[in-house]
1. Test each condition in (1) in a helix (DSSP H, G or I); (2) β-branched (Val, Ile, Thr); (3) within 16 Å of the ligand (Cβ to nearest atom) for ILE128 and report the one that comes out false.
2. Can you spot a residue in the range 215-224 that is within 16 Å of ALA105 (Cα to Cα) and among the hydrophobic types (A, V, I, L, M, F, W, C)?
3. For the range 305-350, what are the residues that are surrounded by fewer than 18 Cβ atoms within 10 Å (Cβ to Cβ) and within 16 Å of THR174 (Cβ to Cβ)?
4. Just one of (1) of a type in the set (Ser, Thr, Tyr); (2) more than 22 Å from SER262 (Cβ to Cβ); (3) assigned to a helix (DSSP H, G or I) trips up THR137, so point out which.
5. Against the condition β-branched (Val, Ile, Thr) and under 13 Å from ALA253 (Cα atoms), how does VAL82 come out, does it pass?
6. Among the residues that make up the range 87-99, is at least one of them among the aliphatic types (A, V, I, L, M), within 21 Å of ASN127 (Cβ to Cβ) and within 14 Å of the ligand (Cβ to nearest atom)?
7. Among the residues of the range 306-349, how many are free of Cβ contacts under 8 Å to residues at least 24 places away in the same chain and closer than 18 Å to SER20 by Cα?
8. Scan the range 269-304 for residues that are surrounded by 15 or more Cβ atoms within 10 Å (Cβ to Cβ), in a loop (DSSP other than H, G, I, E, B) and under 20 Å from the mean Cα position of the chain (by Cα) and report the count.
Amino acid sequence: MLQLPEKYSNVGTTIFTVMSALAQKYSAINLSQGFPDFGVDPNLGNLLLEASEQGFNQYAPMAGLLSLRQEIARHLFESQNVQVNADTEITITPGATYAIYTAFAAVLQPGDEVIVFEPAYDSYIPNIEMNGAKAITITLSAPSFSIDWNQVKDRINTKTKAIILTTPHNPTGTILSQQDWDLLAEIVRDTQIVILSDEVYEQLVYDGKKHISILRHPELRLRSFVLYSFGKALHITGWKVGYCIASPTLTEAFRKIHQFLSFSVNTPAQYALSKYLQLPLHQPVSVFMQKKRDLFLSILKDTPFTIYEPSAGSYFQLAGYDQISSLPEHEFAVWLTKHYGVATIPLSAFYRDKKENKLIRFCFAKKEETLRSAAIQLQKL
Ligand code: GLN
């Protein structure tokens, strides 16, 4: 029998895998794991083919194709009015989850502390612990899930090495404001604290609200790794292409780790993305996705679920079920999958101590027909 070290014995399989597998087992409509079930723009698909035909089949440069990094810099200038150096501040990564791990690996040492706001995307704490550091959690309360910055100030000490934030937020759909960034800047001024800003849903913000990137804050920007995902922006989660924006000093540290992890990223995908981003955009993805959010909200109105706040951004809508069941969240999500054929994610999965709020997360980044089929099922409740 092989004796393996107990690396991470307290962690099971990620909830996204668990719920997607359950959805498959019970032939349920999968509104759990966050991925679109609709096709990619054929122009993008064709460019992927073209990339291979044109011979873009060998390793890309370690930092990513320069043409793609230049398109990213242009996008950030147009959307956030920030200048980013394509050469020294952008690194293409195999997805954002990888980029988060790499950023932590670049800065954490055993004994360091990292502040994490819960509910938190489920990879953050394991990634911190894998790097020998300790996650210090701050609980955000339903329904606003807003950050009390005084509490953050109280939790900071000389061991605090990083703070990780998410906007738009998975799973709550909240977004951070300019004031949040200003308050954060005040707290970290005169410290060595590094910020990880997970902005993978940057383009998915609704009701005329605006995503405000941490990059727009000149002071915070110098101490931040900002993580993005083409998967979310272009409905290609399976391509696993994202990027990390950081100052030249932080980028250098990031690339030291990246060069020995994946070294580089799928070349044909990078080629296709760089060409695609040069094409004129037909419709902002936020308009396209808001239609889905609105349809889903109207569906939930005809069910006993409670909506406390409409999602301001991301793929996700939280909903309360205390009118339906007194089961704990995980059991409720399993019950709903088995008996009503709709898979969701229990919010408790985003808390280390599995805190209960009687809330589940729906992913509405789905075809209209998928959402309408889910409506038929949920309206039976
Ligand atoms: N980000 C997606 C979600 O929150 C899933 C990512 C994953 O499956 N690891 O559902």
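1. (3)
2. First, pick out the residues of the range 215-224 that are within 16 Å of ALA105 (Cα to Cα): 223-224.
Then drop every residue that is not among the hydrophobic types (A, V, I, L, M, F, W, C), which leaves none.
No: the range 215-224 contains no residue that is within 16 Å of ALA105 (Cα to Cα) and among the hydrophobic types (A, V, I, L, M, F, W, C).
3. The answer is ILE307, TYR308, GLU309, PRO310.
4. Checking THR137 against (1) of a type in the set (Ser, Thr, Tyr); (2) more than 22 Å from SER262 (Cβ to Cβ); (3) assigned to a helix (DSSP H, G or I), the one that fails is (3).
5. Numbers: β-branched (Val, Ile, Thr): yes; under 13 Å from ALA253 (Cα atoms): no.
In short, no.
6. For the range 87-99, residues among the aliphatic types (A, V, I, L, M), within 21 Å of ASN127 (Cβ to Cβ) and within 14 Å of the ligand (Cβ to nearest atom): present.
7. 4
8. Looking only at that region, the number is 0.
The values are calculated or read from the model by the stated rules, or taken from the named source; none is laboratory data. No experiment lies behind these values; they were computed from the predicted model shown. Don't worry about glycine lacking a Cβ; one is built from the backbone with ideal geometry, like all the others, and counts go over all protein chains shown.
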